[in-house]
Amino acid sequence: MKTVLTCDETLTGTYRDIPLLDFLPCAPSEKVPSLIFNILNTQLEHKDGVLKVAPYSIRKVEASLLKRLNISDVTIVHPSHIQKFVDDRTDIVGVSTMDPLGLGPVSMMFTFGGLLTSYSKKKFTELVKGLNVMRIKRGYRYKIVVGGPGSWQLALTGKWRELGVDHVVVGETDHVINDIFEQIVQGNAPEVIQVKNFPKVEEISTIVNPSYKGMVEVMRGCGRNCKFCEPNLRAVRFISDEKILDEVKVNLKHGICHGWLHSEDIFLYKLRDFRNFYPNSEEVGLFFRSVMSLKGIKYVNPTHGSIAPVAADPLMVENISKVVGANSEKWVGIQVGMETASPSLMKKYMANKVKPFSPEEWPKIIMEGTYILNRNFWFPAYTLMIGLPGESKDDVLETAALILAMEKFLMEKLGSRAHFTVTPLAFIPLGVLRNESFFNISESMTEERFLLIYTAWKHIAKEIDSSLPMILKNNPVGKIIFPPIAKFGIWALLRAIRSWGIEMGYDPDKPIKPMETEILRR
């Protein structure tokens with residue numbers, strides 16, 4: 001079974017190795033000039049079209065397929081060179097996707113609820129339509145199979161048919177991908193394949209070739225069961241230290257001397273207390289030590305975490321910082337879900353996210369947790385969700401006020417060491433809320449929501465001014481190219497947001513009631 005694996009070029013993008021620029025594909029193609037996008041959208045290296053380093057999700061599929069197939073039967077190729085690798089013997093072209101229709105929370109916010117076209121949608125559409133045209137023109141028989149974290153968008157909308165996609169696979173496939181592909185080749189598979197069960201840890205394949213950014217998987221699921229979150233509804237599985245270290249060694253063998261530790265929440269690794277969610281700090285610390293002890297590893301960085309475990313055990317972060325060598329020259333970046341500052345919404349939709357604290361303490365947890373992270377040279381990139389069902393005006397204003405309170409509190413306590421961003425995202429109906437409506441920024445905007453968006457982006461603008469020299473210090477090309485683009489871009493964006501609000505009759509200078517005193521009193 002000859003299989004070619006690929007993805008659209010937004011997933012093979014390295015974005016000049018600038019943190020958070022990975023969100024560039026969510027930008028509207030009608031507003032961000034293609035010249036700017038192409039300058040920033042640097043690509044992974046390849047050898048005659050074969051990717052030397054590939055996105056982690058495709059490496060996982062490759063590893064699972066190689067349990068039955070020969071290495072000559074599975075090739076991971078750069079999307080712009082795929083025509084070199086498909087022929088009349090190709091059975092399957094597998095396409096991994098993150099945001100194929102621009103329905104992700106960042107894209108929906110940036111494209112005004114889909115009125116504009118995100119680059120992620122543009123590039124995915126170009127790829128699969130090109131595959132279909134080539135198949136028809138050359139008379140090939142291969143099936144176009146789309147999977148990955150964003151495949152739900154195609155399954156939900158039915159758009160795969162008009163794009164010429166034959167099959168859409170939704171779910172974790174480590175344990176069944178070979179069976180699925182064989183059924184597809186034999187003509188026995190449904191168009192939409194929903195994988196309902198989860199692989200056991202021992203069924204999750206270990207990558208055999210290097211992954212982009214040295215990514216390795218630490219755990220799946222987290223057990224908090226936030227109602228809006230699809231990944232958090234998955235069964236919790238902790239990848240063994242041995243498996244993780246084996247993947248780090250694969251990357252080290254190919255000269256990748258850092259590890260990007262992927263999880264839904266790094267601070268819940270090997271959690272035992274699923275009632276109160278008090279972190280297993282000793283195991284988390286031992287895990288970081290084991291990775292850093294490998295010969296050749298220079299640093300490691302987690303992808304995601306939550307703030308409640310940080311506030312619950314400040315020493316955990318302090319110890320990790322010592323292990324990885326965090327300092328004023330080398331910060332640890334982490335993405336954290338703030339979601340909202342509203343205790344009532346936290347209690348309704350994500351009560352476990354605040355544990356071991358109460359929903360009423362949530363704003364204070366965020367403020368104190370950020371202080372702990374910053375004090376130990378961690379830079380949290382928060383996301384918040386706009387448009388949760390039942391969200392009130394007060395809920396929205398409380399979140400905006402929290403951002404202002406954090407600015408003041410952290411600057412007073414830490415001065416130039418105070419760093420965080422808060423990116424507003426549109427509510428997407430997933431998880432147990434899948435029957436709710438998408439938050440449509442073009443239809444459901446209110447003055448309060450506008451003020452929250454404007455407040456969040458004004459703070460991001462401040463961080464761009466203060467953080468770029470630190471972020472780009474070891475990126476000689478990036479520190480020349482990116483600062484003028486970033487500063488002009490954020491100025492243009494803030495001006496556009498402000499004008500947009502005024503056009504809707506809102507006052508962008510309307511004062512937001514400060515709440516730092518109230519937060520610290522709770």
Exercise. So how far, in whole Å, is the C-alpha centre of the range 388-421 from the one of the range 143-165?
Worked result: 38 Å
For this session: Would you please give the residues with an amide H less than 5 Å from that of Val192, counting only those at least 5 places away or on a separate chain, with H modeled from the backbone geometry?
Result: Val168
For this session: Tabulate in residue order the Karplus-calculated ³J(HN,Hα) for the range 327-339, using 6.51 cos²θ - 1.76 cosθ + 1.60 with θ = phi - 60°, rounded to whole Hz; enter x for Gly and Pro.
Result: 7, 5, 9, 9, 8, 9, x, 7, 8, 10, x, 7, 6
Exercise. Using the Cα gyration tensor of the chain, with a ≥ b ≥ c the square roots of its eigenvalues, what is the shape: rounded (a/c below 1.5), prolate (a/b larger than b/c) or oblate (neither)?
Worked result: prolate
Exercise. Can you work out ³J(HN,Hα) from phi for every residue in the range 66-80, in order, using Karplus 6.51 cos²θ - 1.76 cosθ + 1.60 and θ = phi - 60°, giving whole Hz and x for Gly and Pro?
Worked result: 6, 6, 10, 9, 7, 4, 6, 8, 10, 10, 9, 10, 6, x, 6
For this session: At most 15 other Cβ atoms within 10 Å and a DSSP loop assignment: could you name the GluC sites (Glu not before Pro) in the range 110-201 that fit?
Result: Glu191
Problem set entry | Sites matching trypsin sites (Lys or Arg not before Pro) across the range 171-214 that sit in DSSP coil, with at most 16 neighbouring C-beta atoms within 10 Å | Lys196, Lys200
Exercise. Considering amide H positions built from the backbone, and no H for Pro or chain starts, which residues 5 or more places from Val332, or on another chain, come under 5 Å of its amide H?
Worked result: Trp378, Phe379
Exercise. Which value, in Å², gives the accessible area per residue of the range 1-128 when a 1.4 Å probe is used on the protein heavy atoms?
Worked result: 39 Å²
For this session: Starting from the amide H of Gly150, placed 1.01 Å from N in the peptide plane, find each other amide H under 5 Å away whose residue is 5 or more places distant or on another chain.
Result: Thr97, Met98
For this session: Write down Rg/Rh for the range 182-322, rounded to two decimals, with Rg from the C-alpha atoms and Rh from the Kirkwood relation over Cα pairs.
Result: 1.03
Exercise. What does the accessible area per residue of the range 178-277 come to in Å², with a 1.4 Å probe and no ligands, DNA or RNA counted?
Worked result: 45 Å²
Seminar exercise, completed: The FRET efficiency for Glu360 and Leu494, from their Cβ-Cβ distance with R0 = 45 Å and rounded to 0.05, is 0.85
Exercise. Using the membrane-span-like helix rule (whole DSSP H runs, Cα extent along the own axis of at least 20 Å, mean Kyte-Doolittle hydropathy at least 0.0), which helices of the chain qualify?
Worked result: 393-414, 447-471, 478-503
For this session: With r as the distance between the Cβ atoms of Tyr299 and Asp48 and R0 = 45 Å, compute the FRET efficiency 1/(1 + (r/R0)^6) and round to 0.05.
Result: 0.90
Exercise. For the range 291-369, with every protein chain kept in place, what is the accessible area per residue (1.4 Å probe, Å²)?
Worked result: 36 Å²
For this session: Return, in residue-number order, each cysteine of the chain whose C-beta is not under 4.7 Å from any other cysteine's C-beta.
Result: Cys7, Cys26, Cys222, Cys257
Exercise. Over the Cα atoms of the range 323-445, what is the Rg over Rh ratio if Rh follows Kirkwood?
Worked result: 1.00
Exercise. Are there GluC sites (Glu not before Pro) in the range 345-453 that DSSP marks as loop and that have at most 16 other Cβ atoms within 10 Å, and which are they?
Worked result: Glu443
Exercise. Which FRET efficiency value, to the nearest 0.05, do you get for His254 and Asp509 by plugging their Cβ-Cβ distance into 1/(1 + (r/R0)^6) with R0 = 56 Å?
Worked result: 0.60
Exercise. Of all accessible surface on the chain at a 1.4 Å probe, what whole percent is carbon and sulfur?
Worked result: 53 percent
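The values are calculated or read from the model by the stated rules, or taken from the named source; none is laboratory data. Just so you know, these numbers come straight off a predicted model, no measurement behind them. A quick note on method: Cβ atoms are made from the backbone with ideal geometry, for glycine too, and the neighbour counts reach across all protein chains shown. When the accessible area is computed, the model is the full protein with side chains, heavy atoms only, and any ligands, DNA or RNA have been set aside. Shrake-Rupley method; radii C 1.70, N 1.55, O 1.52, S 1.80 Å.
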